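Quick notes on the structure that follows.
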């Protein structure tokens, strides 16, 4: 068959700037980011290309071209002059009462406490559901805007016979349908991951 690796011989082990920009998404500490920049000369310029922060920061010093600041906690310092994106999962009540209008929240969870204050309908801003439904409910249709649910979301819903999942709900977490003794059938056509049960 011959040597099939000669085609890749020249580029073996080398990452260009675009590759490193992708790697940066998975760095969670400033120290690791700085060490990566010190690997070789071309990586030293990476900070001039980064337009977002993959970990919490207090200033634009390490990311001078920052346009989108990801806030990993509500306690993170907001840097002026950039867009703010809160990554932390927060309840709908917290979103309504505590979050400024200039912050985009990408993980809003609707929980039982939210239902008591805002009603049965899960608001469109929400993309997570917590343990929200009445435990005696027989049928559930999860709205299309829902993309995540918490561990044990429907655990112990013994009367549940039918559930229609959102086509955007790709992961079923740990013990999601544990002890759902009446649940006969569920369509998992779009699900790519099922946690332990």
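I need 38, 50, 96 ordered by Cβ neighbour count within 10 Å, fewest first. Provide the component values of the computation, followed by the final result.
Numbers: 38 9, 50 19, 96 14.
Placing the least packed residue first, the sequence is 38, 96, 50.
Counting other beta carbons within 10 Å of each residue's own, what order do 39, 82 fall into, fewest first?
Working: 39 12, 82 16.
Ascending number of Cβ neighbours within 10 Å: 39, 82.
Determine the gain in length on full extension of the stretch residue 35-residue 187; use 0.36 nm per residue of separation and subtract their C-alpha separation, reporting nm with one decimal. Let's see the in-between values first.
Numbers: separation 152, 0.36 × 152 = 54.72 nm, distance 4.64 nm.
Result: 50.1 nm gained on full extension.
So what is the calculated 222 nm ellipticity per residue for the chain, using -39500 (n - 2.57) for each DSSP H run with n of 4 or more, over all residues, to the nearest 500 deg cm²/dmol?
Working: 4 runs with 30 residues, N = 197.
Calculated mean residue ellipticity at 222 nm is -4000 deg cm²/dmol.
Kirkwood hydrodynamic radius of the stretch 112-195 from all distinct Cα pairs, in Å?
Values: mean 1/r = 0.0771 Å⁻¹.
Hydrodynamic radius (Kirkwood, Cα only) of the stretch 112-195 equals 13.0 Å.
Quick one: if the Förster radius is 25 Å, what FRET efficiency do residue 100 and residue 26 give, using the C-beta to C-beta distance and rounding to 0.05?
On the way: r = 29 Å, r/R0 = 1.14.
Working from the Cβ atoms, E equals 0.30.
Stretch residue 134-residue 174 to full length: gain in nm at 0.36 nm per residue minus the Cα-Cα span? Can you show the working numbers first?
On the way: separation 40, 0.36 × 40 = 14.40 nm, distance 1.98 nm.
This chain segment gains 12.4 nm when fully extended.
Could you tell me the relative contact order of the chain? Use alpha-carbon pairs under 8 Å, at least six residues apart, and round to a whole percent.
Reported as a whole number, the value is 10 percent.
Evaluate the Debye formula for the stretch 55-114 with equal point scatterers sitting on the alpha carbons, no solvent, and hand back log10 of I(q)/I(0) at q = 0.29 Å⁻¹, in q order, two decimals.
-1.27
Checking a compactness column here: for the stretch 15-87, what do you get for Rg(Cα) / (2.2 N^0.38 Å), N being the number of residues? Mind showing how you got there, number by number?
Details: Rg = 12.0 Å, N = 73, 2.2 N^0.38 = 11.2 Å.
Dividing the Cα Rg of the stretch 15-87 by 2.2 N^0.38 Å gives 1.07.
To the nearest 0.05, what FRET efficiency results for residue 161 and residue 107 with a Förster distance of 35 Å applied to their C-beta separation? Please list the in-between numbers first.
Working: r = 30 Å, r/R0 = 0.86.
FRET efficiency, residue 161 to residue 107: 0.70.
Each value in this text was obtained by applying a stated rule to the coordinates, not by laboratory testing. What you see is a predicted model; the values in this text were computed from it and never measured. Don't worry about glycine lacking a Cβ; one is built from the backbone with ideal geometry, like all the others, and counts go over all protein chains shown.
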